[in-house]
Amino acid sequence: MNCLKWIWEWSKRNLSNMFSILGILLTIYFGVYYVPGYLQEMREEKVNTINEGLIENIQELLYNNQRLTVEEIDSLIKAKEIKYTISYPYTKDELLIQISGRFLENKFIPLEQRKSLIEKIENLRKEIKEPQPKPEEKSSTVVSSILEKLISILSLGLALLGLISTAQKAKRDRHEQIKEDLEERETELQNSIMNAFSFELTVREALNGKSFVHHSHGHDTGYDFTVNENNREYVIQCKYYQKAINVTEIRGLINILTNLNAALILVTNAQLTNTARNFIKEYTNSNSRQLFVVQGTNREEISRQLNSIFESNS
């Protein structure tokens with residue numbers, strides 16, 4: 001449960017940093033992977049549209065026995081490139097090979113007619129004087145490529161700035177948190193001191209009418225009051241706690257008893273752990289020096305329990 005509580009508190013304190021890191025990761029994804037990939041898909045889609053359009057146009061011309069030259073094919077390609085602002089990546093020879101394949105696959109055209117159409121294409125291919133190299137990237141394609149790189153670089157730069165900013169913010173938040181924790185701890189300590197002082201005054205009020213000495217904080221004797229009641233001496237130790245008193249605290253009190261010829265009364269606002277309670281029982285049963293525990297938060301409760309101890313030991 002403590003672990004889950006710590007995780008929850010940490011998450012609340014660092015929620016803005018977590019969202020910042022998420023934003024940085026999304027920036028890297030969109031800038032380095034998604035946007036360039038999207039631009040690449042758009043380019044491929046344009047190329048495919050140009051290719052299919054050229055194949056359909058040239059097929060239609062050849063199928064209807066229209067005159068077609070290599071120069072006209074080149075003009076068709078350039079027209080498509082201008083329209084779609086992209087460089088066509090195939091050579092004229094590769095385009096004609098694709099058209100031959102389309103005619104061959106078209107079962108709706110009689111076989112003899114298909115063979116005749118393929119022969120026309122082969123004659124066109126022979127008119128191409130020499131093997132064509134792949135068309136060089138035109139300015140639009142170069143610009144697109146440069147744009148992709150710029151987007152990637154810009155995204156990485158923004159992500160880096162975001163990481164630095166998030167790290168600095170996390171550092172500032174950490175310093176602020178440490179400062180707040182120190183201030184909170186200081187406040188708790190001051191409150192604890194004031195509560196302990198107030199509790200000691202409450203015990204003093206509960207002893208009104210008794211013969212007692214209140215030992216000042218400037219003279220640390222290990223206990224706060226010395227009481228003489230019914231010809232017996234008692235020393236009282238006041239303990240104000242925010243948690244249950246454990247065995248370690250009780251052992252510390254017993255060390256006081258070793259130097260005293262008196263009974264010791266622990267007056268506290270807190271409960272005792274079961275282990276501490278059992279330890280006190282075992283100690284009082286096996287030792288002549290007595291250790292009593294008074295638990296209360298107001299003068300009446302404390303006074304009543306002290307009087308009960310004094311009367312039972314008279």
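The values are calculated or read from the model by the stated rules, or taken from the named source; none is laboratory data. Worth saying up front: this structure is predicted, and the values here are computed from it rather than measured. Here the Cβ is made from the backbone with ideal geometry for all residues, glycine too, and neighbour counts use every protein chain on show. Areas reflect the complete protein model, heavy atoms only, side chains present, ligands, DNA and RNA absent. Shrake-Rupley method; radii C 1.70, N 1.55, O 1.52, S 1.80 Å.
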| query | Amide H neighbours of D224 under 5 Å, counting only residues 5+ apart in sequence or on other chains, H built in-plane at 1.01 Å? | reply | I236, Q237, C238
| query | So if R0 is 30 Å, what FRET efficiency would I146 and E71 give, r being the distance between their Cβ atoms, rounded to the nearest 0.05? | reply | 0.40
| field | Amide hydrogen neighbours beyond the local backbone of V294, cut-off 5 Å, H modeled | value | L266, V267, T268
| query | Over the heavy atoms of I118, what accessible area does a 1.4 Å probe trace out, to the nearest 10 Å²? | reply | 40 Å²
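Please compare each pair in K46/K92; K46/K120; K83/K115; K210/K239; K92/K115; K210/K243 to a cut-off of 22 Å on the Cα-Cα distance and tell me which ones are over it.
Details: K46/K92 18 Å; K46/K120 28 Å; K83/K115 33 Å; K210/K239 20 Å; K92/K115 20 Å; K210/K243 30 Å.
Among K46/K92; K46/K120; K83/K115; K210/K239; K92/K115; K210/K243, the Cα-Cα distance tops 22 Å for K46/K120; K83/K115; K210/K243.
Stretch N255-H214 to full length: gain in nm at 0.36 nm per residue minus the Cα-Cα span? Could you put the intermediate results ahead of the total?
Values: separation 41, 0.36 × 41 = 14.76 nm, distance 2.05 nm.
Difference between extended and current length: 12.7 nm.
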| Accessible area (Å², 1.4 Å probe, nearest 10) - D181 | 70 Å²
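Using heavy-atom solvent-accessible surface (probe 1.4 Å) with all chains present, what is the largest-first order of I128, I146?
Values: I128 25, I146 90 Å².
Largest accessible area first, the residues go I146, I128.
Ranked from highest to lowest mean number of other Cβ atoms within 10 Å per residue, what is the order of the peptides 289-300, 274-285?
On the way: 289-300: 16.2, 274-285: 13.6.
Listed from highest to lowest mean packing, they are 289-300, 274-285.
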